[in-house]
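The values are calculated or read from the model by the stated rules, or taken from the named source; none is laboratory data. Just so you know, these numbers come straight off a predicted model, no measurement behind them. Note: ideal-geometry Cβ built from the backbone for every residue, glycine included; neighbour counts use all protein chains shown. Surface areas here come from the heavy atoms of the whole protein model, side chains and all, with no ligands, DNA or RNA. Shrake-Rupley method; radii C 1.70, N 1.55, O 1.52, S 1.80 Å.
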Amino acid sequence: MKLTDIGQIKQLFDKYGFSFTKSLGQNFLINPTVCPKIAELGGVDGDTGVIEIGTGIGVLTRELAARGKKVVALEIDKTLSPILDETLGDLNNVEVIFADVLKTDLRQLISDKFGGMEVTVCANLPYYITSPVIMKLLEERLPIKSITVMVQLEAAQRICAPLGTRDCSSLTVAVNFYSKPRRLFNVKPGSFIPAPKVDSSVIRMDIYEQPPYTAEDEALFFTCVRQAFSQRRKQLANPISGYFGIPKDALCEKLISVGIKPTARAEELSMEDFVNLYHIIEQLKK
Ligand code: SAM
């Protein structure tokens, strides 16, 4: 069965009475070139265990299974179950778990299902949870090598923007703290059924084994980052002093001492600047 053939997909839907749930971000890939490319560029090989988030009808799952050692796929929509029995039933290295990725203990899953294998994440993400999924995968410091995911083009631009440029956001800082992100290729709306309204892009984040930057209190570090971006067009010292209740004069003095202009905006800061900012707040908020 060809899972990128619209005629065959519709027959499958009719047979099992499936209809799309828009709120679950269900845009299934029908461009036959895209899934093989995601699996290849995601570095999936015969030694790799793969976590997939959102199987749909299994079109990417099959490509991952063809190259990887084992695929564990999480899917929230149980109505896809009979379809997946038919489309993946012949594969012995795939396990589908019907669960919400955001509520799943992924550390436990990795130790239960992959025992010692190198693990990567590959997915055409449901766009409504792009940021929380990426943050969960990174913040939990899971033993994974890389994350290769399709996201909206705008999210890809934000995530992969160099720090210190206008496109970056708190998500950019978080991603760069834990990994080295890069854009792989863009995908047009016509590659999906139903077609989304926006262009998409596949990105890959290679997780640092030894992160170049560290913060003892990561929660505080990310609160600083989020506050710095909370009024992104405003001068940094204002939202930071307000949120943390730190006198502005003392803050400005410290910022200047580490080479950050108090008039700077969050989007102008480097990772080193954010780490310095975090240390300053850690000192002054006491
Ligand atoms: N991989 C398939 C493809 O490329 O055709 C489907 C991708 S579709 C963009 C996203 C999939 O994620 C849908 O099947 C949807 O039901 C599933 N999904 C949505 N929210 C989810 C969640 N919280 N946890 C797990 N899967 C979810």
Does residue 101 qualify as being crowded, with 22+ Cβ neighbours inside 10 Å and farther than 30 Å from residue 188 by Cβ?
no
Going by the conditions given, is residue 239 farther than 24 Å from residue 123 by Cα, open to solvent by less than 60 Å² (accessible area, probe 1.4 Å) and at pLDDT below 95?
yes
Apart from one, (1) modelled with pLDDT under 95; (2) within 21 Å of residue 127 (Cβ to Cβ); (3) open to solvent by less than 30 Å² (accessible area, probe 1.4 Å) all hold for residue 167; the odd one out is (3)
When the residues of segment 251-263 are filtered to those that are open to solvent by 10 Å² or more (accessible area, probe 1.4 Å) and within 13 Å of residue 237 (Cα to Cα), which remaining residue is farthest from the chain's Cα centre (by Cα)?
253
Please work out which residue is farthest from the ligand (Cβ to nearest atom), limiting yourself to segment 1-57 and to residues that are under 22 Å from residue 190 (Cα atoms) and among the small types (Gly, Ala, Ser).
7
Give all pairs with beta carbons closer than 8 Å in which a residue from segment 196-210 that is touching a residue at least 24 places away in the same chain (Cβ under 8 Å) meets a residue that is among the aromatic types (Phe, Trp, Tyr); count only pairs at least 6 apart in sequence or on separate chains.
196/127; 200/192; 201/185; 202/185; 205/178; 207/178; 208/178
Inspect segment 77-95 for any residue being of a type outside the set (D, E, K, R) and within 26 Å of residue 170 (Cβ to Cβ) and give the result as yes or no.
no
Taking into account only those residues within segment 264-276 that are closer than 8 Å to residue 236 by Cβ and among the hydrophobic types (A, V, I, L, M, F, W, C), which is surrounded by the fewest Cβ atoms within 10 Å (Cβ to Cβ)?
264
Note on residue 137: of the conditions (1) outside any strand (DSSP E or B); (2) within 29 Å of residue 3 (Cα to Cα); (3) open to solvent by 10 Å² or more (accessible area, probe 1.4 Å); (4) out of contact with any Ser or Thr (no Cβ under 9 Å at 6 or more places or on another chain), unmet is (3)
Given the conditions (1) open to solvent by less than 50 Å² (accessible area, probe 1.4 Å); (2) more than 10 Å from the ligand (Cβ to nearest atom); (3) not acidic (Asp, Glu); (4) not in a loop (DSSP other than H, G, I, E, B), every one holds for residue 157 apart from (1)
Filter segment 58-76 down to the residues that are open to solvent by 10 Å² or more (accessible area, probe 1.4 Å), within 12 Å of the ligand (Cβ to nearest atom) and not aliphatic (A, V, I, L, M) and list them by number.
62, 63, 75
Evaluation of residue 247 against (1) within 28 Å of the chain's Cα centre (by Cα); (2) open to solvent by 50 Å² or more (accessible area, probe 1.4 Å) (one fails), failing number
(1)
Residue that is surrounded by the fewest Cβ atoms within 10 Å (Cβ to Cβ) [pool: residues in segment 140-154 that are β-branched (Val, Ile, Thr) and within 11 Å of the ligand (Cβ to nearest atom)]:
151
Hey, can you tell me all the residues within segment 104-129 that are within 14 Å of the ligand (Cβ to nearest atom) and either open to solvent by 10 Å² or more (accessible area, probe 1.4 Å) or within 22 Å of residue 18 (Cα to Cα) (or both)?
104, 105, 109, 123, 124, 125, 126, 127, 128, 129
